[in-house]
Amino acid sequence: MCTAVVPAAIASNPPKAKPNIIFILTDDMGYGDVGCYGGKFVPTPNIDRMAAEGLMFTQYYSASPISSPSRAGLLTGIHPAQWNITSYLQTREGNRNADMADYLNPAAPTLPHALQNAGYKTGHFGKWHLGGGRDVIDAPHITNYGYDEYVSTYESPDPEPLITSTNWIWSDKDSIKRWDRTAYFVDKTLDFLRRNSDKPCFINLWPDDMHTPWVGNIEEQKVFPEGESSEHNFRTVLIEYDRQIGRLLDGLKALGIDKNTIVIFTSDNGPAPSFRGSRAGNYRGCKASLYEGGMRMPFIVWGLNGRVPKGKIDNSTVISALDMYTSLCGIADVKVQTGYKSDGEDLSGALLGKPALRSKPIFFEYRRNDSKAFPKPADKDESPNLAIRNGVWKLLINADETAPALYNLYDDPRETTNLIEQFPDKASELKDKVLKWRAGFPKL
């Protein structure tokens, strides 16, 4: 276990005008994995503590139901299809088969670039998965996207040798074992904040241990040798992951910067496996699905003493990963890049406790073709490949206009009753919007 000593409080430095921002993007964590969202697998007291001390949203959507496009949309505030990323980035052959680029265009506007230009120190600690790894050896370095420092896993242009002795998710030869990896990323985060205490900091903390293979500590493996996708191993990993979230919060307080730091906790996409839907909060679908279980994620905002309300639940604001670029720039009082046009909107007020009515629909795409480069959901409930959420309504449909399904998410959040015949005009309106949106993207 990593045992780095938490640094002493930085008492000599006055609070900075601009807040530190830490964005925790969990890998493959479902809505139902967290106690405060109804999770019953194991207690998650530290993540629950974030909600009790902060603000919890129940209608947050990732940009995609799978890793790479979800991350691209989050960083750029632009639909990931604009960057030709619609599935997880993989081998060159796999990317071609999926009609995808090999990496995120380094010319893409990114949130860390905007913050870096405004004087922030920027760090990325954790999974990258926006290009590099496998046989993609020419991906741009992470610093090209606006980061001063980084430590990343094997799915990146510059994997950290201590955690990637082989070109795979983990190896027993890694110096830092898989069960200690989140602790390592938390240590790196706290050290970065300590070393840059004279400037505001933006940090991606993107751990990957909630993604299979789940590997608990060596003692657990000897007692419960059930395999790396077993429910017991999942519980073991979740317990440790929650503990490390607690270490982070305690470390911020020990540094004396918790009152001027905003921490956001969420996930990149739904769970896999879903354990009969329970990990998705019993929403329909899971990872690789445009049903709610693949994209509706836990989302908690913590910190900024007095600005983020404590113990509040926002059940009304519909918020997207695409909103994060403009919203976090708004909280930091940072201007977006010249000419930048977000596909999201500025919901900074909602992140600070003022529920907002969304003005833009949210669009989704998963799968460009039937290639095996697009994994199918583990629960075998495959969705159409396009979706739109607008107000209480959600329409799913294939790009060839087959398999349309209309749901009222206010009355039917589990997507059980297709209302396509009862509300044909609403279905036609949303169909026209999503097909027009889909037609506007570049081809590879």
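The values are calculated or read from the model by the stated rules, or taken from the named source; none is laboratory data. Being a predicted model, the structure only gives us computed values, none of them experimental. Counting neighbours? That spans all protein chains shown, and the Cβs are built from the backbone with ideal geometry, glycine included. With ligands, DNA and RNA removed, areas are computed over all heavy atoms of the protein, side chains included. Shrake-Rupley method; radii C 1.70, N 1.55, O 1.52, S 1.80 Å.
For the stretch 413-421, indicate whether the set of residues that are basic (Lys, Arg), open to solvent by 60 Å² or more (accessible area, probe 1.4 Å) and either farther than 21 Å from Ser316 by Cβ or at pLDDT below 95 (or both) is non-empty. Explain how you work it out, then say what you get.
Taking the stretch 413-421 first, the residues basic (Lys, Arg) are 414.
In the following step, the residues that additionally are open to solvent by 60 Å² or more (accessible area, probe 1.4 Å) were identified as 414.
Next, only the ones that are either farther than 21 Å from Ser316 by Cβ or at pLDDT below 95 (or both) stay: none.
Taking every residue of the stretch 413-421 in turn, none turns out to be basic (Lys, Arg), open to solvent by 60 Å² or more (accessible area, probe 1.4 Å) and either farther than 21 Å from Ser316 by Cβ or at pLDDT below 95 (or both).
Which one is nearest to the chain's Cα centre (by Cα), of the residues in the stretch 369-392 that are open to solvent by 50 Å² or more (accessible area, probe 1.4 Å) and within 22 Å of Asn84 (Cβ to Cβ)?
Ranking the candidates gives Lys376 first.
Search the stretch 34-86 for residues being open to solvent by 20 Å² or more (accessible area, probe 1.4 Å) and among the small types (Gly, Ala, Ser), and hand back the single one that is farthest from the chain's Cα centre (by Cα).
If we take residues in the stretch 34-86 being open to solvent by 20 Å² or more (accessible area, probe 1.4 Å) and among the small types (Gly, Ala, Ser), then Ala52 is farthest from the chain's Cα centre (by Cα).
Could we say that Leu357 is more than 20 Å from Tyr37 (Cβ to Cβ) and modelled with pLDDT of 95 or more here?
yes
I'd like to know if the stretch 132-154 contains one or more residues that are touching a His at 6+ places or on another chain (Cβ under 6 Å) and open to solvent by 40 Å² or more (accessible area, probe 1.4 Å).
So far as the stretch 132-154 goes, yes, one or more of its residues are touching a His at 6+ places or on another chain (Cβ under 6 Å) and open to solvent by 40 Å² or more (accessible area, probe 1.4 Å).
Which of the strands (runs of 3 or more DSSP E) found entirely inside the stretch 360-430 contain at least 3 residues meeting this: of a type outside the set (A, V, I, L, M) and touching a residue at least 12 places away in the same chain (Cβ under 8 Å)?
362-365
With (1) closer than 23 Å to Pro355 by Cβ; (2) part of a helix (DSSP H, G or I); (3) touching a strand residue (DSSP E or B) at 6+ places or on another chain (Cβ under 6 Å) as the list, and Ala81 as the residue in question, which single condition is left unmet?
Result: Ala81 fails condition (1) only.
Could you figure out which of (1) surrounded by 15 or more Cβ atoms within 10 Å (Cβ to Cβ); (2) within 29 Å of Gln90 (Cβ to Cβ) isn't true of Ala439?
(1)
For the stretch 155-178, what are the residues that are out of contact with any Lys or Arg (no Cβ under 7 Å at 6 or more places or on another chain) and either of a type in the set (Lys, Arg) or open to solvent by less than 50 Å² (accessible area, probe 1.4 Å) (or both)?
Ser156, Pro157, Asp158, Glu160, Thr164, Ile169, Ser171, Lys173, Asp174, Ile176, Lys177, Arg178
Please work out which one of (1) over 21 Å from Cys329 (Cα atoms); (2) open to solvent by 20 Å² or more (accessible area, probe 1.4 Å) is the condition Lys127 fails and give its number.
(2)
Taking the stretch 312-368 as the search range and keeping residues that are on the phi > 0 side of the Ramachandran plot, more than 20 Å from the chain's Cα centre (by Cα) and of a type outside the set (Asp, Glu), which one is most open to solvent (accessible area, probe 1.4 Å)?
Restricting to residues being on the phi > 0 side of the Ramachandran plot, more than 20 Å from the chain's Cα centre (by Cα) and of a type outside the set (Asp, Glu), the top hit is Gly339.
Sort out which residues of the stretch 17-65 are of a type in the set (A, V, I, L, M) and either closer than 21 Å to Pro109 by Cα or touching a strand residue (DSSP E or B) at 6+ places or on another chain (Cβ under 8 Å) (or both), and write them in order of number.
Residues satisfying the conditions are Ile21, Ile22, Ile24, Leu25, Met29, Val34, Ile47, Met50, Ala51, Leu55, Met56, Ala63.
Only residues that are under 26 Å from Asn390 (Cα atoms) and either without any contact (Cβ under 8 Å) to a residue 24 or more places away in the chain or of a type outside the set (Gly, Ala, Ser) (or both): list them for the stretch 27-62, please.
First, the residues of the stretch 27-62 that are under 26 Å from Asn390 (Cα atoms): 28-32, 37-38, 55-62.
Those that are under 26 Å from Asn390 (Cα atoms) and either without any contact (Cβ under 8 Å) to a residue 24 or more places away in the chain or of a type outside the set (Gly, Ala, Ser) (or both): Asp28, Met29, Tyr31, Tyr37, Leu55, Met56, Phe57, Thr58, Gln59, Tyr60, Tyr61.
Go through the stretch 93-124 and give me each residue that's open to solvent by 10 Å² or more (accessible area, probe 1.4 Å) and touching a strand residue (DSSP E or B) at 6+ places or on another chain (Cβ under 6 Å).
Here is the first cut: in the stretch 93-124, the residues open to solvent by 10 Å² or more (accessible area, probe 1.4 Å) are 93, 96-97, 99, 101-103, 105-107, 109, 113, 116-119, 121.
Across the stretch 93-124, the qualifying residues are Asp102, Tyr103, Gln116, Lys121.
Is it the case that the stretch 386-407 has a residue that's of a type in the set (Gly, Ala, Ser) and under 14 Å from Gln59 (Cβ atoms)?
Checked the stretch 386-407: at least one residue is of a type in the set (Gly, Ala, Ser) and under 14 Å from Gln59 (Cβ atoms).
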